[in-house]
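Trainee: Quick one: this structure, given as structure tokens, is what I'll be asking you about.
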Amino acid sequence: IFMFSTDHLHPLLVHFPIGLVLFGFLAELAFLSFRNEICFSKTGYYLLLSGTVMAIFTLLSGLIFTSEMAGAAGEVREIHELLAASAVTVLIITSILRIFLEKTPTAGVNLRWFAFGLYGLATVLVGITGFYGGTLVYNYMLPL
């Protein structure tokens, strides 16, 4: 009989927000470089939305299905959780702002730059969160 273990759900999901958010932000950078290519902005928009949804599921899977840790590993895990919650919060705010901007084509350029800055911040937070997650796995969970 095949049994699915929820222990593997978080490690399975973590790669999706990293890839989606990073490539979405790179698409936004490409849009800024090649102004006539609106497809880059649309790509960044849809990758942001899907990356945000996946980041929410990934955060929840980590909070619900991973075990507690003590000592130095517990401290790294707490930092990882705080960064993950911060990344998800910034992603949600950025997504709401981008949805507003998509629905309001006359919105000011300053608001668009602010959204781009938030997207960049979210991308950095996702990257740092991944670094701490990798530190947990490779330094404290895998056998040496």
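Trainee: What are the extents of the Cα atoms of the chain along their three principal axes, listed from largest to smallest and rounded to whole Å?
Mentor: Sorted largest first, the three principal extents are 53, 37, 24 Å.
Trainee: Separation between the Asn139 and Leu12 pseudo-spin-labels, each 7 Å from Cα along Cα→Cβ, expressed in nm?
Mentor: Output for this residue pair reads 2.9 nm.
Trainee: So what is Rg over Rh here for the stretch 91-144, counting just Cα atoms and using Kirkwood for Rh?
Mentor: On the way: Rg = 16.9 Å, Rh = 13.1 Å.
Looking at the stretch 91-144, the ratio lands at 1.29.
Trainee: Hey, can you find the accessible area per residue of the chain for me, probe 1.4 Å, expressed in square angstrom? Walk me through the numbers on the way to the answer.
Mentor: Working: 8910 Å² over 144 residues.
Value returned for the chain: 62 Å² of accessible area per residue.
Trainee: What angle do you read, to the nearest 10 degrees and between 0 and 90, between the alpha-carbon axis of helix 109-136 and the longest principal axis of the chain?
Mentor: Around 20 degrees separate the two axes.
Trainee: Oh, and also: Output the relative contact order of the chain, whole-number percent, from Cα pairs under 8 angstrom with separation of 6+ residues. Numbers along the way, then the final one.
Mentor: On the way: 131 pairs, mean separation 40.8, N = 144.
Reported as a whole number, the value is 28 percent.
Trainee: Carbon and sulfur: what percent of the chain's accessible surface (1.4 Å probe)? Present the calculation step by step, with values, prior to reporting the outcome.
Mentor: Numbers: 6470 of 8910 Å².
With neighbouring chains kept in place, the figure for the chain is 73 percent.
Trainee: Right, another one. Rolling a 1.4 angstrom probe over the protein chains, ignoring ligands and nucleic acids, what is the accessible area of Glu78 in square angstrom, nearest 10?
Mentor: Spelled out: Glu78, probe radius 1.4 Å, area about 130 Å².
Trainee: A follow-up question, please. Please give the solvent-accessible surface of Ile128 in Å², to the nearest 10, using a probe radius of 1.4 Å with every protein chain present.
Mentor: Surface accessible to solvent at Ile128 totals approximately 70 Å².
The values are calculated or read from the model by the stated rules, or taken from the named source; none is laboratory data. This structure is a prediction, so every number in the text was calculated from the model and none was measured. With ideal geometry, Cβ positions are generated from the backbone for all residues, glycine too; neighbour counts draw on all protein chains shown. Side chains are part of the model used for accessible areas, which takes the heavy atoms of the whole protein and leaves out ligands, DNA and RNA. Shrake-Rupley method; radii C 1.70, N 1.55, O 1.52, S 1.80 Å.
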